[in-house]
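Q: First, the structure itself, so that you have it in front of you.
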Amino acid sequence: MKNFKALSFLAALSILATAAGCGDKKTSSESEKAPETTAAAETTTEAATDAEADTDVPEIEGYDLLWNDEFNDGALDESKWNYEPHEPGWTNEELQEYTTSTDNVFLRDGKLVIKAVKSDKDGKDYYTSGKVTGQNKTDFTYGKVVVSAKVPEGQGLWSAIWMMPKDESYYGQWPKCGEIDIMEVLGNDVSTAYGTLHYGEPHGEQQGTWALTGQTYADSFHEYSVEWEPGEIRWYIDGNLYNTVNDWFTAVQGEDEKPYPAPFDQPFFVQMNLAVGGVWPGDPDETTDFDKAEFEIDYVRVYQKPEYDTNVSKPEKNYREALEDGNFIYNGDFSEAEDLTDDVNWKFLLFNGGEGKAEIKDNMIVISSEAEGTEDYSVQLVQPELPMIKGKKYKVTFDAYADEERDIVVCVSAPTAGWIRYLQDTKLTITPDKQTYTYEFEMKDKDDPNGRLEFNLGHRGSTATVYISNVRVEEIK
């Protein structure tokens, strides 16, 4: 939640990543040894006792219930949760003031409700909301977190369930300290949920999404879960595994990386909040109904295995091999009518109001848009897993034309390295006449097996159909 989010997403969004830190780093003498990493939770005796006594909580094979909150009391259980007040603009350019008021955080019908409230202050719109954390009360190292929640719909609303370290300064300020985002949903697109891991430095992130069809996360309660183990973290929604990460790092700029699995080898805590505005969701508008701006949580349950093997090694990175003709783009001639919804080779994506479809035929891909959306990446064609090696030079070439003159944006991005750009966002104007476009760049950053070629067709003032063929990314001398 401290980060930028989203999907391909423009480098401008990266300011979210630096909007709030985790605290000052410790000196080298203070950082020689990681915090305690045994399976035992650092939690209150009262919380553990309450959890064990709650016979309504389902068992999970291989796990013991560590602590839980079913929100059946009359008020927030402050043996498990803290209110965390903050002034507006504290992080991510958000508009809300986080308060301790029961107008913003309260229990109703066996559910925790975090409510955003719009009012007036000094003649201007003023927003309050709530944030609760388990820091220093229900911290734990490794486990399975299960949360049932229902999000509000509305422009500018941003629901989040996430985890941060108990000692946020141990490995240095964000993102070095690490962050586990269990769920984030934007109120202007409540059919898509995000699960993300943040780490670094430089800032790295890995993100998965789970989209619903025919329903939204605002329609009913859904179960969001993370399984956090020493060498792997997995994300689920309603039992569906949609993101797995086992390769991360943390380091101080100019120094060696800390031993893996740092920074995710220390006690973390769960927190939940409803933000208003900010760089990622944008500000509320006249369509946002604050009478319904309620983030509802039915339960939070944390399970833990009896023991964990902490003797884990960082997996080796696999770098894609070029094809025989030197092209790192697979199916760049569009000779195969592949599935454009899976994670193999080409993938077509829609976000933030973008509507359209893509089809491979006649050795090209045809992208037709019905709505351009609000972002460049609202209508997007990508191919990931491009090997980018520091010091190497690359050339991108492709042919393109459109039904009528229009702009698109091309880049090579770094989805697991803070969305920096290896080939900068490049706007080009394509016409009804097919043309060949060529761009060269030098890779100046850390080796990355997961560069991503992007064609962004959203938010360009046109929905004209685009035709792309003969796509190549190759290493040059």
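The values are calculated or read from the model by the stated rules, or taken from the named source; none is laboratory data. These figures come from a predicted structure and were not determined experimentally. Because the Cβ atoms are built from the backbone with ideal geometry, glycine has one as well, and the counts that use them run over all protein chains shown. With ligands, DNA and RNA removed, areas are computed over all heavy atoms of the protein, side chains included. Shrake-Rupley method; radii C 1.70, N 1.55, O 1.52, S 1.80 Å.
Q: Would you kindly find the accessible area of T244, with a 1.4 Å probe and non-protein molecules such as ligands, DNA and RNA excluded, rounding to the nearest 10 Å²?
A: 60
Q: Using the Karplus curve 6.51 cos²θ - 1.76 cosθ + 1.60 with θ = phi - 60°, what ³J(HN,Hα) values do you get for each residue of the range 241-251, in whole Hz, with x for Gly and Pro?
A: 6, 10, 7, 9, 10, 9, 10, 8, 7, 8, 6
Q: Quick one: check the C-alpha center-to-center distance for the range 183-244 versus the range 58-111, whole angstrom.
A: 19
Q: Let me ask something else about it. Could you work out the relative contact order of the chain? I mean the mean sequence separation of Cα pairs under 8 Å and 6+ apart, divided by the number of residues, in percent.
A: Reported as a whole number, the value is 16 percent.
Q: Something else: What list of ³J(HN,Hα) values in whole Hz, one per residue of the range 159-174 in order, does the Karplus curve 6.51 cos²θ - 1.76 cosθ + 1.60 (θ = phi - 60°) give from phi, with Gly and Pro shown as x?
A: 8, 8, 10, 8, 9, 9, x, 4, 9, 6, 9, 4, 9, x, 5, 3
Q: Just how large is the dipole of the chain about the Cα centre, in debye to the nearest 20, putting +1 at every Lys and Arg Cβ and -1 at every Asp and Glu Cβ?
A: Numbers: 43 positive and 92 negative charges, 263 e Å.
With only Lys, Arg, Asp and Glu charged at Cβ, the dipole is about 1260 debye.
Q: Mind checking the dipole of the range 174-291: about its Cα centre, +1 per Lys or Arg Cβ, -1 per Asp or Glu Cβ, Debye to the nearest 20?
A: 280
Q: Additional query: From largest accessible area down, sort E405, E257, E286; use a 1.4 Å probe on the protein chains.
A: Largest accessible area first, the list is E286, E405, E257.
Q: Take the Cα atoms of the range 128-173, build their convex hull, and give its volume per residue in Å³.
A: So the per-residue hull volume is 132 Å³.
Q: When only Cα pairs under 8 Å and 6 or more residues apart are kept, what is the percent relative contact order across the range 148-241?
A: Across the range 148-241, relative contact order equals 26 percent.
Q: Can you give the helix-only mean residue ellipticity at 222 nm for the chain, where every DSSP H stretch with n ≥ 4 adds -39500 (n - 2.57) and the sum goes over all residues, rounded to the nearest 500 deg cm²/dmol?
A: -500 deg cm²/dmol
Q: Quick one: net charge around N363, please, counting Lys, Arg +1 and Asp, Glu -1 for every other residue with C-beta under 12 Å from its C-beta.
A: With Lys, Arg at +1 and Asp, Glu at -1, the neighbours total -3.
Q: Suppose every Lys and Arg Cβ carries +1 and every Asp and Glu Cβ carries -1, with no other charges. What dipole size does the range 251-377 come out with about its Cα centre, to the nearest 20 debye?
A: Its charge dipole is roughly 600 debye.
Q: As a test question: what accessible area, to the nearest 10 Å², does K111 have when a 1.4 Å probe is rolled over all protein chains in place?
A: Accessible area, nearest 10 Å²: 50 Å².
Q: Would you rank D448, D333, D189, D362 by solvent-accessible area, highest first, keeping every protein chain in place and using a 1.4 Å probe?
A: Highest to lowest solvent-accessible surface, that is D362, D333, D189, D448.
Q: Could you list which residues have their amide H under 5 Å from that of E97, counting only those 5 or more apart in sequence or on another chain, with H placed in the peptide plane?
A: Amide H neighbours of E97, under 5 Å, 5+ apart: Y127, T128, S129.
Q: Let me ask something else about it. Using a 1.4 angstrom probe on the protein heavy atoms only, line up K131, K317 by accessible area, largest first.
A: From most exposed to least exposed: K317, K131.
Q: Excluding same-chain residues fewer than 8 positions from K477, which lysines have a Cα within less than 16 Å of its Cα?
A: Counting by Cα, and skipping residues close in sequence, K477 has these lysines nearby: K390, K392, K393, K395, K444.
Q: Among the lysines, which have Cα under 24 Å from the Cα of K150 when same-chain residues fewer than 8 positions away are ignored?
A: Here the lysines satisfying the reach criterion relative to K150 are K2, K5, K80, K111, K115, K118, K131, K292.
Q: For the range 295-360, which GluC sites (Glu not before Pro) are both in a DSSP coil and crowded by at most 16 other Cβ atoms within 10 Å?
A: When the GluC sites (Glu not before Pro) of the range 295-360 are filtered for loop state and at most 16 Cβ neighbours within 10 Å, E307, E316, E321, E324, E336, E338 remain.
Q: State, in angstrom, two size descriptors of the chain derived from its alpha carbons: Rg to one decimal place and Dmax to the nearest whole number.
A: 23.1, 72
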